[in-house]
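J.: Take a look at the following structure, please.
The values are calculated or read from the model by the stated rules, or taken from the named source; none is laboratory data. Since the structure is predicted, the reported quantities are computational estimates derived from the model, not experimental observations. Glycine gets a Cβ as well: all are built from the backbone with ideal geometry, and neighbour counts include every protein chain shown. Please note that ligands, DNA and RNA were not included when accessible areas were found on the heavy atoms of the full protein model with its side chains. Shrake-Rupley method; radii C 1.70, N 1.55, O 1.52, S 1.80 Å.
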Amino acid sequence: MLDDLKKTLWATADKLRANMDAAEYKHLVLGLIFVKYISDTFQGKHAELMLRLADPEDEYFYGEADPSDIAAELEDRDYYREANVFWVPESARWEALRAAAKQPDIGKRIDDALSLIEAENPKLKGILDKRYARAQLPDGKLGELVDLVSTIGFGASAAEARDVLGQVYEYFLGMFASAEGKRGGQFYTPRSIVKTLVAVLAPHHGKVYDPCCGSGGMFVQSEEFIASHGGKIGDVAIFGQEANPTTWRLAAMNLAIRGIDFNLGREPADTFTRDQFPDLRADFILANPPFNISDWWHASLTGDARWHYGDPPQGNANYAWLQHMLHHLAPQGRAGIVLANGSMSSSQNNEGQIRAGMIDADVVEVMIALPGQLFFNTQIPACLWFLAKGKRSRPGEVLFIDARKLATMISRVQCELTDAVIERIAGTVAAWRGEAGAAEYADVAGYCRSVKLAEIAEHGHVLTPGRYVGAETVDDNDESFEAKMQALTEKLGEQMAKGAELDAVIRQKLGGVGYAF
């Protein structure tokens, strides 16, 4: 039911944008969904308070007060702040915007509402994108969009409404990433990749950090993982940094719409030159940094304390990201990072030495090779690095997993890892770590293998899983390659012979009616 709702909403919203670029339209749609969410949650709290103030059995009971006094009490900000609900001024509430949807100045009204909401809620200052008055939509389309968003979020409870709006928001993020192609991938990591990172890391407590957080998908998945395993969402503290101002806003809205408390730094900023959390030591780090950035370097970074294993090459930021995350890990912390495949074997410009230093220091825990076509924005093959400070299990070994053949196509150009595959990978890692309740670990040819550091050194400290896991074993019932090739050759010979016979018959028939060859 919800999947149908999401698809219907997207189809309608996409139709309304007419010729407007998806990158611009994205902010109009997602901003309206966010305003609808905070207005719905405010109105839900408002209705709850009204009942409690009138209930003699409730601690909030307001006695035989005049209705106007109760109305004034309902406007007390403290009731909402203590429940982590954003205060929404009356003229900025969704019903007021919906009532004015057909007015020619609806764009200005929305911008004014956003300004009022920011003024009342310091945590949202600078986050809401006020661009509706200048939106290049055809006349009436913005009002139609308001009407469309009005249909989202109805549920039996505030929690249910929040979940519906949150899922719609994330679905739209993914669809906009697909519509934008290369640019869209800069703010959105495909859900199956995030789920794999989260399933392997299992971030269930402490500080969770993403130094290039995009639209916040890593945090949303972390919270969902905790909730699905019976934990409390408040058991983790969220820290994120993002350089792109518009993406930084998307992340803040994505987290707020889920009711997740967060710290995204004072402002959007470059992680390398303006680290917003220099003293942070995180229990878990999850990140999908942009691949192979060539213009990241600044002279001030020479000899930086983060470069424990050597200065990264100025023409590629991959090993800057790896060392930045190691620097920010707590003594028993773990990190999961998505990087281009080249990071596993490159030896150019000091990368080989840095990788060797990390391997010899035993901070590399698991390496996973991913299938191609997982991303919206690049066909560059990717892998997952899992780093650990103070390994709690299997010291002196690295687990290699080759998942390149485990994807399922979901469109002509894109694939994903199914939940079953993600569970298999997470289960393999849990078994290898010897976690409670996990199965006993065993190497599987062509899929996984635990390798000693000495063997990795013999291979020049290359971390490509395919080099270590070997070839997949062939079942006894499977034919050998030679047998299959012989059978195919015989089949081809038979078909060619039949083709020659048919050709002769056709020529004979055509000759009989006077057709000259």
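J.: Enter the accessible area per residue of the chain (Å², integer; probe 1.4 Å; all protein chains in place). List each step's numbers first, then the result.
T.: Details: 24610 Å² over 517 residues.
In whole numbers, the chain has 48 Å² accessible per residue.
J.: With every protein chain in place, what's the accessible area of I106 (1.4 Å probe, Å², nearest 10)?
T.: 10 Å²
J.: Arrange the residues K207, K108, K15 by how much accessible surface each exposes, largest first, with a 1.4 angstrom probe. Kindly include the intermediate steps, with their values, before the conclusion.
T.: Values: K207 85, K108 115, K15 170 Å².
Largest to smallest exposure gives the sequence K15, K108, K207.
J.: Could I ask something else about it? If I stretch the segment between T12 and D261 completely, what's the gain in nm (0.36 nm per residue apart, minus their alpha carbon distance), one decimal? It would help to have the intermediate numbers written out before the result.
T.: On the way: separation 249, 0.36 × 249 = 89.64 nm, distance 3.16 nm.
Going from the current span to full extension adds 86.5 nm.
J.: Taking square-rooted eigenvalues a ≥ b ≥ c of the alpha carbon gyration tensor, is the stretch 275-347 rounded, prolate or oblate, where a/c under 1.5 means rounded and, failing that, a/b exceeding b/c means prolate?
T.: Judged from the Cα gyration tensor, the stretch 275-347 comes out oblate (a/c at least 1.5, b/c at or above a/b).
J.: Follow-up. Per-residue HN-Hα couplings for the stretch 28-33, Karplus 6.51 cos²θ - 1.76 cosθ + 1.60 at θ = phi - 60°, whole Hz, x for Gly and Pro?
T.: 5, 5, 5, x, 5, 4
J.: Could you put W297, W10, W94 in order of accessible surface area, largest first, with the 1.4 Å probe and the full protein assembly present? Walk me through the intermediate numbers first.
T.: Values: W297 55, W10 30, W94 5 Å².
Descending accessible area places them as W297, W10, W94.
J.: Which one of G217, I260, S228 has its Cα pushed farthest toward the positive end of the charge dipole of the stretch 177-315, where Lys and Arg give +1 and Asp and Glu give -1 at the Cβ?
T.: My answer, from the dipole projection, is S228.
J.: Show that you can apply the helix-only estimate: for the chain, add -39,500 (n - 2.57) for every DSSP H stretch of four or more residues, divide by all residues, and state [θ] at 222 nm to the nearest 500. Kindly include the intermediate steps, with their values, before the conclusion.
T.: Numbers: 17 runs with 225 residues, N = 517.
It comes out at -14000 deg cm²/dmol, rounded to the nearest 500.
J.: Can you send over the carbon and sulfur percentage of the accessible area for the stretch 1-54, probe radius 1.4 Å, protein chains only?
T.: Values: 1290 of 2310 Å².
Ligands and nucleic acids excluded, carbon and sulfur reach 56 percent.
J.: In addition: PRE reach from T151 (point 7 Å along Cα→Cβ): which of the stretch 164-179 fall under 12 Å by backbone N?
T.: Answer for this model: none.
J.: If you don't mind, another one. Does anything in the stretch 397-419 have its amide N under 18 Å from the 7 Å Cα→Cβ label point of K452, and if so which residues?
T.: 397-400
J.: Normalised by the number of residues in the chain, what is the relative contact order in percent for Cα pairs under 8 Å and 6+ residues apart?
T.: On the way: 780 pairs, mean separation 52.7, N = 517.
Relative contact order, the chain: 10 percent.
J.: What is the antiparallel percent of DSSP beta bridges lying wholly in the chain, to the nearest 5?
T.: Working: 20 of 37 bridges.
That works out to approximately 55 percent antiparallel.
J.: Moving on to the next point. Could you report the accessible area of K125 in Å², rounded to 10, computed with a 1.4 Å probe on the protein chains as they sit in the structure?
T.: 150 Å²
J.: Same structure again: Cut-off under 29 Å on the C-alpha distance; same-chain residues fewer than 8 positions from K232 excluded. Which lysines are left, in chain and number order?
T.: K6, K36, K45, K123, K125, K195, K207, K389, K391
J.: What FRET efficiency would be calculated for the residue pair S228, R131, taking the C-beta separation as r and a Förster radius of 35 Å, to the nearest 0.05?
T.: Details: r = 36 Å, r/R0 = 1.04.
Once rounded, the FRET efficiency stands at 0.45.
J.: Same structure, new question: Could you compute the FRET efficiency for D21 and E90, with r as their C-beta to C-beta distance and R0 at 45 Å, rounded to 0.05? Don't skip to the answer; put the middle values down first.
T.: On the way: r = 34 Å, r/R0 = 0.76.
Efficiency, rounded to the nearest 0.05: 0.85.
J.: Something else about it: Given labels modelled 7 Å from the Cα in the Cβ direction, how far is it in nm from H205 to H459?
T.: Simple spin-label model gives 3.5 nm for this pair.
J.: Using only the Cα atoms of the stretch 19-137, build the gyration tensor, take square roots of its eigenvalues as a ≥ b ≥ c, and label the shape rounded, prolate or oblate: rounded if a/c is under 1.5, else prolate if a/b is larger than b/c, else oblate. Walk me through the intermediate numbers first.
T.: Working: a/c = 2.97, a/b = 2.34, b/c = 1.27.
Judged from the Cα gyration tensor, the stretch 19-137 comes out prolate (a/c at least 1.5, a/b above b/c).
J.: Given the whole protein assembly as supplied and a 1.4 Å probe, what does the accessible area of M325 come to in Å², nearest 10?
T.: 0 Å²
J.: Between rounded, prolate and oblate, where does the chain land on the alpha carbon gyration tensor, with a ≥ b ≥ c its root eigenvalues, rounded for a/c under 1.5, else prolate if a/b exceeds b/c?
T.: Values: a/c = 2.11, a/b = 1.38, b/c = 1.52.
Taking the square roots of the gyration eigenvalues as a ≥ b ≥ c, the chain is oblate.
J.: Against the longest alpha carbon principal axis of the chain, how many degrees, from 0 to 90 and to the nearest 10, is the axis of helix 481-512 turned?
T.: On a 0 to 90 degree scale, this one is about 80.
J.: Further question: Could you give the length gained by full extension between S347 and L5, i.e. 0.36 nm per residue of separation minus their alpha carbon distance, to one decimal place?
T.: Difference between extended and current length: 118.2 nm.
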